[in-house]
Structures are given as C-alpha cells and as structure tokens.
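In what follows, a single structure is set out as structure tokens and then discussed.
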Amino acid sequence: MKIFFDYASTTPIMKEVAELMYKHMLSSDEYANPSSTHWHGQIASKLINKSRETLKSVFNSNQGDFYFTSGATESNNIAIQGLASSYVNLKGHIITTSIEHKSILNVCQNLQRKGIKVSYVKPDKNGIIQLSEIIKEINDETFLVSIGHINNEIGSIQNIMELSDLCKKKDLFFHVDAAQSAGKLNLNLSNLTVDLLSISSHKFYGPKGVGALYVSDRAMKKIHPLFYGGEQENRLRPGTLATHQIIGMAKALEICTQKYSSSITYIRKLQEQFFSEIKSLKAVKLNGDSELSYPGIVNISVLGVKNTDLMKLLSQFSFSLGSACNSSSRAPSHVLKSLRLNDEEITSSIRLSFGIYTTSNEISLFTSSLKDAVKKLRLQSPSWRIMQL
C-alpha cells in the first residue's frame, strides 16, 4: 500500500470538483472560446466571470480583481516582473526574504541583472521574518515587499497583517505568495492592504495547471504584462482561458473555505498524533516554529541518518526531502540553510505534509515504519555509535 504525505507539493483533487469539471467539459453549450462574442462564447464567459466573483467573495475583496493564470509560479512572475517593469530603467529596490519559493527568488535574481536592487531578509532560527528586519531594509528606492504567507518547506506563517500595515504606512506595494495558505487560512483582503496575491489551485484540492493573481486597482496602473498577443484578462495575461479548470478551482476554493475550521482542527490532531508517536525517538529536531506554523507541514531532522537512506527504506510512503520544485537538485535546501542548520541537520531532514484525506491509521503506519528504519540505519552508522559513547 502506498501512502501520500506530500500535500504541500500537491493535493488530490476533490471528487465533487472533478465531477463538476467533467460535467462542464461535456456540456454542448460551454466548449466555446470564452473570448468569442457569439452565443456559445458568451455562455463560457459568464461561467468564468461567475468563478471570478467566487474568488472575490472568498477573499472578501472590495476593489481590484483576480486574473487567471497557470498557477502561483506564473502569478509570482507576473506580480514581481510586471510591477518591476515600471522601475527597471529607473532606480528601484525590492525587499523579499531568503526563504521564499524559487519562483520569487529566481525572478528577483534576474531583475538584479537588469539593475533592480534586492534585499533578501533572513528569518530568525524558527523561520519567522521579524518586522524590524524588513524596516531596516526600506529606503527611498524601495517600491515592493514580496513575502510568502506559509513557507512550503517548514510551514512557518508570516504575520502579513503587520507587514500589510507597514507597507501601507510606507506607501509600498505588497505582494503575498499565498500558494500554501489559500483555502487553509483566512485571507480577508478587505482588512489587508495587499496589492498582489498569488494562488494555485492544486494546493487546495483543485485541478493542476490553473491559478490566479489578485491585483489591486493601484497596482493595475503600474503592472505590465509578461506576454502579448490577446486582450484576455485585461491584457495582463493573454491566452485562451480553460473554462473547466477555472470552474474547478473556484469550486475547490469555495469548499475549502466553508470547511476551513474543521479541516485545520483535524489536521492539527494529525500533527499532534505524529509527534506523540515519535517522541521515543532520540535526537529528532523540529525545523520551524512550533507555534507560528501551519500544522499540515512538518519538517524534522532525524540525526544519525541520511534522509536519502530513510526515503529508500520508507518507499511505500510519499514524502519529501524539501520542496518538490527543488527535488531534482542536490543542493542543500536554501530554506534550512537560512535557519542556520548545519550540514548534518539538513541532510537528515524530511518534510511530511498532511491534508484532509490523511488518516490517523496512515500516521501510525508511518511513525511505526519510521522508528524501525531509524533504528536500523543508526545501528549501521559509525558516527551515531560514537555520539552515543
């Protein structure tokens, strides 16, 4: 039996979402290009606009709009590069952090080559960005602060409310990568001064290949498209829209929002069970904050073993050694390095992520197998035996 513990990478699609998408895909009235002005096109367009209104309702946005993309990676690119386009030939400065997703870090590194200055603020040892560290980096050239809400590797939750207030006070654009938090935490845009917000459907039980970018009215006046060739999405993201995927994303987000309270309570119980069942294991270190973190993402270092050896012995379980986006890389996790972990702590780290379909029995099966695997590997480890002397 194969068991899935990689919800931070992607989530299974909800049955009701898949059924709804299938229904719309087979409809004889809805297959037209939603940009077409004929009757069939208008039907598809109405469905897309209804989905857009669902997103606005879920996030309680009373200004600005949501524009559909292929996912959070594209949304992050449009948000940062699109806004920076107004500053590339002038002086400009962006503040982000050293623990962001590569779709933010790589974009910022590319902009640096074009003349934009970037500050990469480091978190504290638990992965929390301190407001005082952001304030230190603000200067006369700063125009954007870009922060991930929930970190995809360690689950740390940043205080976007205080960051929002700071950006409003300093008249800075504020971008939030909400790929890991949309559908899991309450995000009320009427209470936040957020100019740009990225989401990805497959992180909250919707279909892959679709996401959205929220753009405030004031950001829309500055942002430039990355692609050209059509008038779709207010020219910000041209291209034929996938009606069935957008419908699926909106439905998944709506369901997750309705079940938010019960879902997070359930997932927190799974996390508590996990730690309770591995408490007999010696030299296990939590990477991240024990309080200011999302319970569905658990990153631990199991000292005395290599994470690659653990993965081989636990092949019936699907878990991660870091971000799925970096899984093909042999380089140490940039997130764990930013937490000042040493090489042994990084190479012994694993990430488990739970979701609404994870069961208590699956947790028990994993913890039992983990303890057996760790015992076996430590017996084979000369360095571990020396540490015990």
Legend entry - Evaluation of D171 against (1) at positive phi; (2) in contact (Cβ under 8 Å) with a residue 24 or more places away in the chain (one fails), failing number: (2)
Inset, instruction - Can you work out which of the residues in region 123-153 that are touching a Pro at 6+ places or on another chain (Cβ under 9 Å) and either among the small types (G, A, S) or within 22 Å of S301 (Cβ to Cβ) (or both) is surrounded by the fewest Cβ atoms within 10 Å (Cβ to Cβ)? - result: I129
Legend entry - Per-region count, region 30-55, residues surrounded by fewer than 17 Cβ atoms within 10 Å (Cβ to Cβ) and either closer than 15 Å to L213 by Cα or charged (D, E, K, R) (or both): 4
Inset, instruction - Inspect region 212-221 for any residue being under 30 Å from I48 (Cα atoms), of a type in the set (D, E, K, R) and outside any loop (DSSP other than H, G, I, E, B) and give the result as yes or no. - result: yes
Legend entry - Within region 329-381, considering residues that are basic (K, R), under 25 Å from the mean Cα position of the chain (by Cα) and surrounded by 13 or more Cβ atoms within 10 Å (Cβ to Cβ), the one nearest to F317 (Cα to Cα): R351
Inset, instruction - Sort out which residues of region 234-291 are more than 16 Å from T11 (Cα to Cα), part of a helix (DSSP H, G or I), assigned by TED's automatic domain parsing to the domain that holds N152 and in contact with a strand residue (DSSP E or B) (Cβ under 8 Å, 6 or more places away or on another chain), and write them in order of number. - result: N234, I246
Legend entry - Selected residue [modelled with pLDDT of 95 or more and more than 18 Å from D177 (Cα to Cα)] from N126, N151, N106: N126
Inset, instruction - Taking S85 as the residue in question, decide whether it is free of Cβ contacts under 8 Å to residues at least 12 places away in the same chain and of a type in the set (G, A, S). - result: no
Inset, instruction - Look through A219, A250, A178 and report the one residue that is within 22 Å of Q81 (Cβ to Cβ), of a type in the set (A, V, I, L, M, F, W, C) and within 19 Å of the chain's Cα centre (by Cα). - result: A178
Legend entry - Y266 being hydroxyl-bearing (S, T, Y), closer than 19 Å to Q180 by Cα and surrounded by 21 or more Cβ atoms within 10 Å (Cβ to Cβ): no
Inset, instruction - Only residues in region 33-44 that are of a type in the set (A, V, I, L, M, F, W, C) count as the first member; pair them with residues that are buried (at least 17 other Cβ atoms within 10 Å of the Cβ) and at pLDDT 90 or above, Cβ under 6 angstrom, at least 6 apart or cross-chain, and list the lot. - result: A44/T243
Legend entry - Filter pass, K312 being assigned to a loop (DSSP other than H, G, I, E, B) and free of Cβ contacts under 8 Å to residues at least 40 places away in the same chain: no
Legend entry - Number of the exception - I78 against (1) out of contact with any helix residue (DSSP H, G or I) (no Cβ under 8 Å at 6 or more places or on another chain); (2) farther than 24 Å from S9 by Cβ; (3) of a type in the set (A, V, I, L, M): (2)
Inset, instruction - Look through region 293-304, keep the residues that are in a loop (DSSP other than H, G, I, E, B) and at pLDDT 95 or above, and return whichever of them is surrounded by the fewest Cβ atoms within 10 Å (Cβ to Cβ). - result: P295
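The values are calculated or read from the model by the stated rules, or taken from the named source; none is laboratory data. Here the structure is a predicted model, which means the values were calculated and not measured. Methodologically, a virtual Cβ is constructed for each residue, glycine included, from the backbone with ideal geometry; neighbour enumeration extends over all protein chains shown.
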